[in-house]
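The values are calculated or read from the model by the stated rules, or taken from the named source; none is laboratory data. What you see is a predicted model; the values in this text were computed from it and never measured. All Cβ positions, glycine included, derive from the backbone under ideal geometry; neighbour counts span all protein chains shown. Note: accessible area is taken over every heavy atom of the protein model, side chains too, but ligands, DNA and RNA are not part of it. Shrake-Rupley method; radii C 1.70, N 1.55, O 1.52, S 1.80 Å.
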Amino acid sequence: DGFAHDAFDLLCILQHNGDIKRALDEAAQVAGVERHPPKHKPDVTLDLDAAMAKQEERKKARNTPDAVVTRDDTPVKAVPVKASASDEMIYDVPEYPEHLLKPGGIVQKLAEWILQTAQKPQPILALAAALSVVGTVLGRKVATITGLRTNYYMVGVAGTSAGKDHARKCVKVLFQAAGLSDLLGGEELASGTALLARAADHPVSLFQIDELGLMLKAVATKGAGPHLASIVTNLMKLFSSSGTVYHGTEYADRKTKERKDIAYPCIGLHGTTTPETLWPALGSQDVVSGYLNRMIMLFVPDRRVAKNYVGIGQPPDDVVQWMKAAREMSCGITGLDPASPIELPFAGMTNQLFRDFDEWVENRMEENKANGLAPLWGRAWEHAAKLALGMACARYDAAKLKEVATGGGLEIDQTSAQWSIDFVKFTLCIQQEQVASRMGDSDFDRWCQDVLRVVKQAGPQGRTESEMTKFSRMYRALEPRQQDSIIDSLKRREAITLVQYRPPSGRGKSRMAWVASEFAPVVEEGNEDE
């Protein structure tokens, strides 16, 4: 045709009728090279079957008791949940042990009523609501010998349409039936000043906040007014002031704005939120400041539940009568007031249980100093003691509670203490894991955490680029340059390793997967290709 041609031109024209793609495929095969080389060079090249076998051997030999001690001292390991068949990862939290969901007494009766009337029964959310009710009703009535009261900050974290609102509705019905509606605060907080005003008028109050994450996000937003920022500050102060008098803000104009002091406030928080709104609202400063360790977060795994189709109806009469008895049990006891409530001593071996738990917490904090999560455990002992205080009173029915309280026989028993310790251990272990894998100080940091979590959930097989796009909605929504930045950042942190898994037969395409460092195959120096 009058033009000079090289060998590839002849191959393309004479053998493939000008089809460049087919000619390139054949040329690559002849030359023994990949048509589309990967963007990153693999750190390790291994046989997939051999790598998996070695990984299993190491897992069996390794002893990693990141333990949560249950009632019979058997370690409970929070095992990640496997991916579903859909293109999204389910919320990776373990199910609660059965004995934690069945604590007995009024708490269990109340939780069971909530579950029986729920369209989507969620035992974890029902338990959070039941504990909030008990803590509020006992507010300013009882205390431990160390001065702790029953003010609980419970936050249920569950996915959209998981049935988060039902437990809150039941709580409102229950307080109304018991004639204690005055103990319920507003369902929204406009400012920190409004919070203190409510606490001044009603020192015992339970705030039920839906979509707590959105409120926290508004508080954390840059440029948020001081009226919003003071909500979190005042919640922290009130939590720590239940055993004393909270002295309000001093104003320059004292004639129009007097200082409001609140004697022994018992403010409870029963919030619900979705993980999508919660984590963008939190940062590392919330761990250090002690804000997060005041909350007990109960994470609900994504799962299909059998639906009920019944109305709420009337609450159990024995629960209502217990609530009335708890609010009236100070009657007849000389000198009993909010400053001098009924003190419950530690009975029997209970004192030793809490000493052992205190040592366990100290060791846990020491282990987590390096990763900055030690403050999460700073109030673990306090949480357990407060919960044990409420559970000890809730194990009696209404008549027995009046009798025991009047006779001075109320005490924190060993069963209530052990359940509370187990509960705090389990919930805070999950809370720490979730904070470590989901919370970040910027959007980019949270993107990296999300990708790393998806890679970790795959174990030693890792995730290919296409699989990360499939299992992470966030990663899929980013531009290619942002995706590359995430991979580069995780690689610099030595959090992930690119592994090339060759097929056992030696034929076919290799699997190029990013593997979390904890699952990365160990290859002896000089044997990378073996």
Inset, instruction - Using only Cα atoms, find the angle between the long axis of helix 123-137 and the longest principal axis of the chain, and express it within 0 to 90 degrees, rounded to the nearest 10. - result: 30
Inset, instruction - Could you list which residues have their amide H under 5 Å from that of Leu184, counting only those 5 or more apart in sequence or on another chain, with H placed in the peptide plane? - result: Leu206
Inset, instruction - Indicate the gyration tensor shape class of the range 259-382 (rounded, prolate or oblate), computed on the Cα atoms with a ≥ b ≥ c the square roots of the eigenvalues: a/c under 1.5 is rounded; otherwise a/b larger than b/c is prolate and the rest oblate. - result: oblate
Legend entry - Listed residue pairs exceeding 23 Å between alpha carbons, taken from Lys222/Lys470; Lys102/Lys425; Lys169/Lys324; Lys120/Lys169; Lys164/Lys217: Lys222/Lys470
Legend entry - Per residue accessible area in Å² of the chain, where ligands, DNA and RNA are left out and the probe is 1.4 Å: 49
Legend entry - Full-stretch length increase - Asp358, Ala28 - with 0.36 nm per residue and alpha-carbon distance subtracted: 112.3 nm
Inset, instruction - Find how many whole Å separate the alpha carbon centroid of the range 141-155 from the alpha carbon centroid of the range 482-497. - result: 45
Legend entry - Glu403-Ala370 FRET efficiency (beta carbon distance; Förster radius 45 Å; 0.05 resolution): 0.30
Legend entry - Electrostatic dipole magnitude of the chain [Cβ: Lys, Arg +1; Asp, Glu -1; Cα centre; debye, to 20]: 1480
Inset, instruction - Per DSSP H run of n ≥ 4, the term is -39500 (n - 2.57); total these for the chain, divide by its residue number, and report the mean residue ellipticity at 222 nm rounded to 500 deg cm²/dmol. - result: -13500 deg cm²/dmol
Inset, instruction - Compute the FRET efficiency between Glu494 and Ser181 as 1/(1 + (r/R0)^6), taking r as their Cβ-Cβ distance and R0 = 51 Å, and round to the nearest 0.05. - result: 0.35
Inset, instruction - Using +1 at the Cβ of each Lys and Arg and -1 at the Cβ of each Asp and Glu in the chain, identify which of Asn234, Pro301, Thr244 lies farthest towards the dipole's positive end. - result: Thr244
Inset, instruction - Starting from the alpha-carbon convex hull of the chain, give the projected area averaged over all orientations, in nm². - result: 34.6
Legend entry - Total charge dipole magnitude, the range 139-243, about the Cα centre, Cβ charges on Lys, Arg, Asp, Glu only, Debye to nearest 20: 240
Inset, instruction - Extending each Cα 7 Å along its Cβ direction at Ala252 and Ala7, get the distance between those two points in nm, one decimal. - result: 8.9
Legend entry - Rounded tilt (10° steps) of 398-407 against the dominant C-alpha axis of the chain: 60
Inset, instruction - Can you tell me the 0 to 90 degree angle between the C-alpha axis of helix 226-239 and the longest principal axis of the chain, rounded to 10? - result: 60
Legend entry - Accessible-area order (highest first, 1.4 angstrom probe) of the listed residues Arg473, Arg304, Arg259: Arg304, Arg473, Arg259
